[in-house]
Amino acid sequence: MDFKYSQEQTMLKDVVDRFVADNYSAEQRATLANTELGHSDSHWQTFADMGLLALPFAEALGGMEGSAVDVALVMESFGKGLVLEPYIPTVILAGGLISTLGNDQQQASLLGNIMAGKMKAAFGYCEPQSRFNPADVETSASPAGSGYILNGHKSIVWHGPSANKIIVSARTSGTPRSKEGISLFILDPNAEGVTRLNTRTADGQGASDLLLENVQIDADDLLGEEGKAYPAIERALQAAISAVSAEAVGAMEATNEITREYLKIRQQFGTALSNFQSLQHRTAEMYSEVEMSRSMSEALAMRLRDSDNDNNNDSHIGDEDTLPAQTTAATKVRIGKAATFIGENSVQLHGGIGMTNEYVIGHYYKRLMMIDILFGDQDYHSRQYEQLIYG
Amino acid sequence: MELKFSQEDLEFKKEVRQFFENKLPADIKDRCERGLVIPKEMQVRWQKILFDQGWMAPNWPVDEGGTGWSLTQKYIFAQEAAAACAPPPMPFGVNMIGPVLIKYGTEAQQQKHLPNILNSDTWWCQGYSEPGSGSDLASLKTKAVKDGNDYVINGQKIWTSYAQYADMMFCLVRTDPDAKKQEGISFLLIDMNTPGIEVKPIIGLDLNHTLNEVFFTDVRVPIENLVGEENSGWTYAKSLLEHERSFIARVANSKQLLVRLKQIASTQRIGDNLLINNPDFRRKLTAVEIDLMALEYSELRFLAKQMDGGQLGPEPSIMKLEGSQIQQRLKKLLVESLGMYALPFDADARADESDYLAMGPEHAHGILDQHFYGRSATLVGGTSEVQKNVISRLLMKR
């Protein structure tokens with residue numbers, strides 16, 4: 001039992017930390033966020049050069065064979081600087097689905113381009129009525145010729161605006177909320193019949209709604225077996241939750257540090273705010289929350305890594321009787337709670353300056369709030385957790 | 001990063017589990033499972049079984065009777081003990097004064113006391129708190145004045161758990177009234193049968209007699225009962241608290257409470273359904289279960305840090321803070337599981353020691369005792385508020 005990084009992992013962490021320190025000051029981030037793209041293609045190319053875009057993929061596909069633990073350490077560094085590039089949508093979600101389900105040809109063309117930094121991608125699985133449930137798919141895919149015709153509405157596709165390809169879920173059979181009958185398609189967002197409505201999320205990232213009206217899809221762009229996509233979707237979302245949890249840990253630690261530094265500097269009533277006990281206690285609670293979150297995040301990453309390698313969890317400490325899906329749901333709940341508490345209190349402890357868009361703390365607050373909602377909020381994952389135990 | 005038991009650890013786990021299955025007496029297990037106070041006779045009987053097995057003092061050096069277990073093995077032992085509903089040894093002897101004597105005691109003190117701590121022939125209590133010195137312990141006033149070959153003690157201790165059973169007390173006394181408050185304190189071993197000591201019971205919220213006041217009137221304690229240097233007692237008291245810090249969050253115990261809570265909620269009817277299926281109750285259960293999971297992984301993470309030679313900073317304080325709150329939430333949910341039967345509180349009725357008839361479900365016996373006693377979790381060993389002071393002081397220095 002240990003929670004240490006290996007030498008290679010420490011090196012990777014140092015490289016990513018340095019990138020974030022050099023490129024993601026509050027001013028640099030604000031400048032980027034205000035561009036039309038909302039992030040930097042040059043940073044994206046740097047990620048490709050650093051090997052980050054190839055990190056989780058198998059060596060046979062040209063990847064680095066990195067595990068969920070490796071992804072988590074990158075994401076934690078990204079979280080510290082609130083990195084804006086579409087890493088999770090492209091590499092973890094779309095990339096993860098292509099590497100699990102794609103045929104040789106799809107893997108070669110799409111993953112090759114992703115790893116080289118030439119292609120960004122996204123995953124559209126939500127719909128207006130589905131909230132967070134990936135099995136709730138009303139978008140339909142009907143056979144037409146050798147391909148399919150898609151109709152429906154995919155909502156809030158994270159980093160949809162910059163995506164060259166979007167993987168969308170659509171129903172080829174089954175009732176609207178059944179896990180059976182869901183298929184995945186590689187969609188060209190500029191194809192005829194696709195209306196892409198682009199927006200910005202509160203934390204400065206891109207998102208799209210996709211209106212699909214009689215969109216023609218070639219048989220070649222079906223990803224995986226028809227109607228059998230759900231288990232892969234679930235695994236991809238688990239990987240994304242692990243990644244975003246690690247990002248939250250990085251962001252929460254930075255938030256706490258910035259807040260404590262501010263309390264030491266800010267003078268009121270003739271003394272530093274850090275001398276007031278009610279504020280001291282709040283910082284202690286915020287610290288405790290991030291420590292609990294780090295434990296969950298690291299345990300989940302190890303759990304997913306090990307369940308990728310073998311299915312025998314007997315020797316796993318602490319959760320011998322727990323499914324990876326349970327650990328995932330629990331982690332999302334615990335981290336959502338911590339992220340909300342820390343985000344809101346960081347604004348509170350800053351006072352007026354925390355209310356300004358110019359000062360950095362509000363941006364951490366907004367990102368933490370988004371993370372609480374992304375891939376399912378605390379209520380949703382509490383219910384998921386319960387369903388796994390009680391049915 | 002690795003979160004797996006070794007094959008050796010798994011073997012050890014099996015061995016420990018079998019030991020508890022075979023050796024833990026049913027009457028003791030039952031009281032422990034219900035959260036009832038364990039009487040002295042049962043406590044000593046159980047500790048002697050642990051002693052015979054050689055497992056009484058996992059935290060002691062092997063030469064002194066320790067087990068030589070790794071931290072992982074200690075973790076496994078704590079988990080299995082709690083899961084089996086085995087009462088933990090009374091901490092005052094084996095986990096508190098024992099390690100202090102091993103580190104700071106004279107050879108004579110070690111020879112006299114350590115064997116009797118190990119075999120549970122001597123029952124110890126802790127003389128720390130005073131009426132005017134709770135969280136601010138270093139302000140204590142109980143006075144020790146040298147007179148010939150003795151110290152003469154006058155003053156009062158309070159909240160002294162199980163002093164009514166104790167043969168010995170380790171006690172903080174003021175030997176230099178003029179020094180800065182932490183610097184005039186000495187650490188004494190006091191025979192509870194010495195003339196001038198009076199123990200008066202304090203009945204707790206749980207209606208049990210675990211707490212006491214202890215009065216000292218011209219109590220003569222031989223100088224050889226001083227531990228370490230005069231006026232350095234605060235150092236030893238602090239080192240003792242450090243030994244107390246392992247498994248401070250009581251994760252294993254809370255996991256057992258969770259198991260019991262689920263068992264009860266799975267039998268308790270609510271209309272035409274079971275309580276466990278009630279969405280309001282279940283959501284509270286889930287929330288605490290998830291917080292407990294994070295606490296357990298934190299315990300493992302901090303253990304791993306220690307095994308790797310790392311120094312802990314605020315970590316023990318956050319474990320105490322979070323762990324004590326989780327214990328209280330679980331105990332409160334056990335109370336909630338009783339519905340209206342949470343109102344009657346007459347523990348003795350179920351022990352056939354009262355005129356009242358026992359009523360309500362059989363499992364109700366113990367739940368209120370445990371809940372009321374459990375309110376002390378956020379008080380003892382440094383209140384939650386003191387823990388937050390400690391955490392923020394360490395953080396602000398960074």
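The values are calculated or read from the model by the stated rules, or taken from the named source; none is laboratory data. These figures come from a predicted structure and were not determined experimentally. Reconstructed Cβ throughout: ideal geometry from the backbone, glycine too, with neighbour counts over all protein chains shown. In case anyone asks, the SASA skips ligands and DNA or RNA and just uses the protein heavy atoms, side chains included. Shrake-Rupley method; radii C 1.70, N 1.55, O 1.52, S 1.80 Å.
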field: Å³ per residue enclosed by the Cα convex hull of segment A:7-120
entry: 89 Å³
- line: For segment B:316-331, in residue order, the Karplus 3J(HN,Hα) values (coefficients 6.51, -1.76, 1.60; θ = phi - 60°; whole Hz; Gly and Pro = x) are x, 5, 6, 5, 5, 4, 5, x, 5, 5, 5, 4, 5, 5, 5, 5
message: Under the √(5λ) rule applied to the eigenvalues of the Cα gyration tensor, what semi-axes describe the equivalent ellipsoid of segment B:1-53? Give them in Å, descending.
response: 28, 14, 10
- prompt: Which value, in debye to the nearest 20, gives the size of the charge dipole of chain B about its Cα centre, when Lys and Arg are +1 and Asp and Glu are -1 at the Cβ?
  reply: 1240 debye
field: Positive-end extreme of charge dipole, segment A:7-120 - chosen from A:Leu37, A:Gln106, A:Leu61 (charges on Cβ)
entry: A:Leu37
- prompt: Each residue of segment A:26-32 in turn: what ³J(HN,Hα) in whole Hz from Karplus with 6.51, -1.76, 1.60 and θ = phi - 60°, glycine and Pro shown as x?
  reply: 4, 5, 4, 5, 4, 4, 4
statement: When the charge dipole of segment B:57-183 is computed with +1 at the Cβ of Lys and Arg and -1 at the Cβ of Asp and Glu, the Cα pointing farthest to the positive end, of B:Ala81, B:Ala57, B:Ala179, is that of B:Ala179
statement: Per-residue average of other protein chain Cβ atoms inside 10 Å, peptide A:292-298 -> 6
Amide H within-cut-off set for A:Gly224, under 5 Å, with H built and near neighbours excluded: A:Asn103
query: Rounded if a/c is under 1.5, else prolate if a/b beats b/c, else oblate: with a ≥ b ≥ c from the C-alpha gyration tensor eigenvalues square-rooted, which is segment B:124-235?
result: oblate
- prompt: Quick one: net charge of A:Leu374's neighbours, Cβ under 11 Å, K/R +1, D/E -1?
  reply: -2
task: Translational diffusion coefficient, Stokes-Einstein: compute it for chain B using the Kirkwood radius over C-alpha pairs as Rh, at 4 °C and 1.567 mPa s, and state it as an integer in µm² s⁻¹.
output: 57 µm²/s
field: Cysteines, the protein assembly as shown, no other Cys beta-carbon under 4.7 Å
entry: A:Cys126, B:Cys125, B:Cys171
- request: Using only protein heavy atoms and a 1.4 Å probe, report how much of B:Met319 is accessible, in Å² to the nearest 10.
  value: 10 Å²
- request: From other protein chains only, count the Cβ atoms within 10 Å of every residue's Cβ in B:385-392, then give the mean.
  value: 5
Rounded to whole Å, sorted largest first: equivalent-ellipsoid semi-axes of segment A:122-229, Cα gyration tensor: 21, 16, 11
- request: Find the centroid of the Cα atoms in segment B:245-290 and in segment A:262-279, then give the distance between the two in whole Å.
  value: 41 Å
- prompt: If contacts are Cα pairs under 8 angstrom and at least 6 residues apart, what is the relative contact order of segment A:122-229 in percent?
  reply: 30 percent
- request: Using a 1.4 Å probe and counting only protein heavy atoms, arrange A:Arg294, A:Arg303, A:Arg383, B:Arg375 so the residue with the most accessible area comes first.
  value: A:Arg383, B:Arg375, A:Arg294, A:Arg303
Euclidean distance between Cα centres, segment A:111-165 to segment A:1-36, Å: 29 Å
- line: In Å³ per residue, the alpha-carbon convex hull of segment A:231-390 encloses 117 Å³
query: If R0 is 22 Å, what FRET efficiency do you get for B:Leu274 and B:Ala83 from their C-beta distance, rounded to 0.05?
result: 0.40
- request: Using θ = phi - 60° and the Karplus relation 6.51 cos²θ - 1.76 cosθ + 1.60, list the HN-Hα couplings for segment B:89-95 in order, rounded to whole Hz, with x at every Gly or Pro.
  value: x, 3, x, 4, x, 6, 9
statement: Counting sequence-distant residues (5 or more places) and residues on other chains, those with an amide H built under 5 Å from that of A:Leu187 are A:Ile166, A:Ile167, A:Val168
- request: Could you point to the residue in B:Gly310, B:Gln327, B:Tyr297 farthest towards the positive end of segment B:281-351's charge dipole, with +1 and -1 charges on the Cβ of Lys/Arg and Asp/Glu respectively?
  value: B:Gln327
query: With +1 on each Lys and Arg Cβ and -1 on each Asp and Glu Cβ, how big is the dipole of the protein assembly as shown about its Cα centre, in debye rounded to the nearest 20?
result: 1500 debye
task: Among DSSP beta bridges lying fully in segment A:122-229, give the percent that are antiparallel, nearest 5.
output: 85 percent
statement: Looking only at aspartates and glutamates whose Cα falls under 12 Å of B:Lys331's and that sit 8 or more positions away or on another chain, we get B:Asp369
- prompt: For segment B:203-238, list residues with backbone N below 19 Å from a point placed 7 Å from the Cα of B:Ala179 toward its Cβ?
  reply: B:221-238
- request: With all distinct Cα pairs included, what does the Kirkwood hydrodynamic radius of segment B:245-397 come out to in Å, to one decimal, could you say?
  value: 17.2 Å
- prompt: Rounded if a/c is under 1.5, else prolate if a/b is larger than b/c, else oblate: which is segment B:142-196, with a ≥ b ≥ c the root eigenvalues of its Cα gyration tensor?
  reply: oblate
task: Considering Cα pairs under 8 angstrom that are at least six residues apart, work out the relative contact order of chain A and quote it in whole percent.
output: 15 percent
- line: Surrounding charge for A:Leu273, neighbours by C-beta under 9 angstrom, Lys/Arg +1, Asp/Glu -1, total +2
- request: Would you kindly calculate the translational diffusion coefficient of the protein assembly as shown, applying Stokes-Einstein with the Kirkwood radius from alpha carbon pairs, for 37 °C and a viscosity of 0.692 mPa s, and quote it in µm² s⁻¹ without decimals?
  value: 112 µm²/s
statement: Most packed first (mean Cβ within 10 Å per residue), the peptides A:361-374, A:343-356, A:258-271 order as A:361-374, A:343-356, A:258-271
query: Using Cα pairs under 8 angstrom and six or more residues apart, how large is the relative contact order of segment B:124-235, in percent?
result: 30 percent
- request: With only Lys, Arg, Asp and Glu charged, each at its Cβ (+1 for the first two, -1 for the last two), find how big the charge dipole of chain A is about the Cα centre; round to the nearest 20 debye.
  value: 1000 debye
query: Here are some pairs, B:Lys157/B:Lys200; B:Lys238/B:Lys388; A:Lys4/A:Lys80; B:Lys103/B:Lys397; A:Lys337/B:Lys284; which of them have Cα atoms lying more than 21 Å apart in this structure?
result: B:Lys103/B:Lys397
query: Sorted by accessible area (1.4 Å probe), largest first, how do B:Glu224, B:Glu289 line up?
result: B:Glu224, B:Glu289
